[in-house]
Amino acid sequence: MKLRTILTLILAVFAGAAQAQPGPDDAIVEMAQAFRQNNSARLSQLLPAARGHLLEPWAAYWELRARLETATAQEVQDFLSRYAGTYQEDRLRNDWLLLLGQRRDWATFAEEYPRFRMNDDREVRCYALLVQSMREGAETPPGVIDEVRRLWFAQRDLDDGCTLAAGRLIADPSVPRRIVPADAWRKARLAMEANRLRVVSAAVEMVSPQALPLLNELNASPAKFLTRHVTAVLRTRRELVGLALIKLATTDPDNAATLLENKWGPQLSTEERNWIWGVLGRQAAQRLQPTALAFFEKVSRDADISDDMLAWKARAALRASGVPQWPTLLAAIHAMSEEQRKDPTWQYWRARALLAHGGESQRAEAQRLLQGIASTGGFYEQLALEELGDKVTPPPPPQPLTEAEKEAARLNPSLSRGLYAIALGLRDEGRREWNYGTNLAKPGGMGDRELLAAAQLACDREVWDRCINTSERTRGEVDIAQRFPMPFREAVVRRAGEIGLDPAYVYGLIRQESRFVMDARSSVGASGLMQVMPTTARWTARKLGIQGFTPDQLTDRQTNIMIGTGYLKLVLDSFDGSMPLAAAAYNAGPTRPRAWRNGPVLEAAVWAENVPFPETRDYVKKVLANSTLYAALLSGQPQSIKTRLGNVGPRSDTLPESGRDLP
């Protein structure tokens with residue numbers, strides 16, 4: 001009896017000790033937390049518990065990445081060999097290449113870079129182009145210089161790689177067609193427009209370090225700078241005038257226009273003047289002001305302004321007094337880069353302009369443009385379909401997947417790791433792992449049938465965001481059931497019917513908000529399927545008479561659907577049933593769309609294209625396209641996106657006003 005008691009105590013001690021050590025899944029989750037906290041010691045302590053786990057490559061990556069700056073080159077190479085072919089191998093190679101670039105260890109960088117498969121890091125690419133230019137000197141191909149310039153101009157925040165590459169190529173007279181000082185001033189203008197002052201300073205320092213004190217003064221007060229420093233500016237760098245006018249245009253465009261017109265214009269080059277008029281035109285267009293086209297008319301050569309300015313010139317031409325200015329629109333589109341002209345947005349509007357303002361040959365060209373983009377796949381694709389006389393109907397399903405195709409997806413290690421990580425709550429890691437498996441694990445990524453099989457694997461596991469996004473990558477075969485799934489159909493359709501909402505509109509919005517991820521949480525705190533903010537949820541619960549509601553209930557599917565649809569219905573009623581306006585209000589809050597609807601009555605496609613916020617503009621278009629396709633699926637009947645869009649204009653005085661207290 002005594003022996004049994006002793007054995008029981010010993011087993012209890014061992015059991016307690018075992019419980020004190022995290023299990024494999026717990027170790028992975030805790031390591032993810034330790035990595036986010038940059039707790040290198042804890043990562044090293046936990047790594048042995050993660051050995052042999054499906055997500056061991058992540059655990060080993062976190063542990064080495066946290067101490068990469070002190071790791072030896074041999075440790076890095078050992079990791080790359082042990083986890084060869086995985087996402088983590090190439091991600092660590094990415095991190096290592098960045099560190100080698102910062103250390104200016106060009107020999108080791110040049111040896112490792114060709115093995116970088118993902119090649120998705122702009123800064124690493126800039127380092128690689130710099131190494132190539134240093135190696136080839138006067139024989140550097142012009143394409144290398146052009147790519148550095150393009151990557152540098154696209155740089156939003158200051159980084160070492162692209163800044164270093166551009167600076168070296170400005171300073172090196174041996175490189176043909178090198179980056180020139182005018183490029184640095186153009187970069188400074190782009191950065192000033194984005195209010196990225198560190199980037200502005202870095203660009204100016206490359207070509208005119210003596211101008212930095214004046215740059216600091218203009219950043220502090222551009223208006224004072226432009227009135228007090230005439231002689232000093234002209235003696236140092238007249239380009240500072242352009243930077244000051246750009247900065248002033250963001251807060252006081254009328255003053256900037258007056259100073260450009262009456263004082264500083266003659267001191268600037270034609271290209272500089274055109275750029276600043278383009279900045280002013282874009283500012284006015286983004287504020288939906290009728291003066292936008294007048295500013296753009298002062299641009300003597302559209303080739304001198306950026307694609308973004310040209311896009312806003314095109315939008316202003318569409319909006320002008322409620323009657324599109326088709327010749328101005330065509331001129332703006334013609335001046336865009338080839339890449340931007342190929343966007344379905346401008347393909348569609350170019351076709352519309354040609355149909356409205358052209359002869360027989362122009363109408364034939366418009367037909368070709370519309371036929372080139374028409375499909376069920378997106379906003380302008382659906383509009384093009386309707387311009388051609390068709391309506392939105394779901395395409396036929398592809399051939400069923402074979403068992404061999406399904407089995408290949410199930411056995412794919414990256415897909416398995418991605419799904420396992422998501423199941424553990426490591427959604428970001430799971431998403432990156434999954435995307436690597438579908439896009440980058442082999443050259444060119446998966447083919448259509450492989451993508452359909454991977455998407456179906458995610459659908460079967462109810463990982464809806466991976467299901468949708470993966471299926472959307474197919475080109476030749478389209479599975480609408482994967483791209484537009486309808487989870488929780490009974491609950492959504494029943495709730496929509498109870499409160500008089502179109503279930504297709506609800507589905508279209510949920511698909512855009514959360515991709516049906518129930519635990520989705522935005523950076524600003526919106527939660528659940530319909531991404532409802534806590535304050536909005538409380539207000540809606542009171543309106544709906546829901547007792548005892550607390551925001552933590554938003555993670556419950558039924559509650560989220562009830563609150564989200566309730567709020568959407570109140571928003572829709574407040575905007576007179578306009579789906580585009582209600583979608584904009586759901587995304588940006590109701591106050592802004594109330595202002596954006598003022599002005600001329602517009603077809604809603606024109607209005608949506610002129611929404612000032614890029615995120616909301618994209619959101620409105622996607623929700624409406626989603627809703628149209630869902631309506632076709634739910635009803636089994638062809639659908640018109642134009643009918644759902646309608647027109648948008650000021651609120652009628654004859655209609656009762658409601659919803660002024662909407663959050």
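Structure data summary
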item	result
Mean-position separation - Cα centroids, the stretch 436-475 and the stretch 578-642, in angstrom	29 Å
The chain, relative contact order in percent, only Cα pairs under 8 angstrom and at least six apart counted	8 percent
Local electrostatic count, R117, Cβ distance below 13 Å [Lys/Arg +1, Asp/Glu -1]	-1
Surrounding net charge for E615, when Lys and Arg each add one and Asp and Glu each subtract one, Cβ distance under 13 Å	+2
Where labels lie 7 Å past Cα in the beta-carbon direction, separation of E136 and R521 in nm	4.9 nm
Ranking by accessible area, most exposed first, for F35, F295 with a 1.4 Å probe	F35, F295
Computed magnitude of the charge dipole of the chain (debye, nearest 20; Cβ of K, R +1, Cβ of D, E -1)	1100 debye
Over 31 Å (Cα to Cα) - which of K187/K298; K298/K342; K247/K569; K187/K224 fall in this group	K247/K569
Candidate lysines - alpha carbon under 27 Å from K442, same-chain residues fewer than 8 apart omitted	K406
The stretch 32-163: relative contact order in percent, alpha carbon pairs under 8 Å with at least 6 residues between	17 percent
Label point distance in nm, S635-T251, each placed 7 Å from Cα along Cα→Cβ	5.2 nm
Between the stretch 255-291 and the stretch 151-193, the Cα center-to-center distance that results, in Å	24 Å
Exposure ranking of R51, R135 by accessible area [1.4 Å probe, largest first]	R135, R51
Hypothetical label at E657: residues of the stretch 589-631 whose amide nitrogen lies under 13 Å (7 Å Cα-Cβ projection)	594-595
Where labels lie 7 Å past Cα in the beta-carbon direction, separation of D25 and R341 in nm	5.6 nm
Range in the chain, longest, excluding exposed GluC sites (Glu not before Pro) [loop by DSSP; at most 16 other beta-carbon atoms within 10 Å]	1-461
Partners for K621 among aspartates and glutamates (Cα-Cα distance below 16 Å; same-chain residues under 8 apart left out)	D343, E381, E386, E513, E603, E609
Relative contact order of the stretch 458-604, defined on C-alpha pairs under 8 angstrom at six or more residues apart (%)	15 percent
DSSP H segments from the chain that extend 30 Å or more along their own axis, Cα-based, with Kyte-Doolittle mean of -1.0 or above	614-635
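The values are calculated or read from the model by the stated rules, or taken from the named source; none is laboratory data. Because the structure is a prediction, the values reported are computed rather than measured. For neighbour counting, all protein chains shown are included, and Cβ atoms are generated from backbone atoms with ideal geometry for every residue, glycine included. The accessibility values were calculated without ligands, DNA or RNA, using every heavy atom of the protein model including side chains. Shrake-Rupley method; radii C 1.70, N 1.55, O 1.52, S 1.80 Å.
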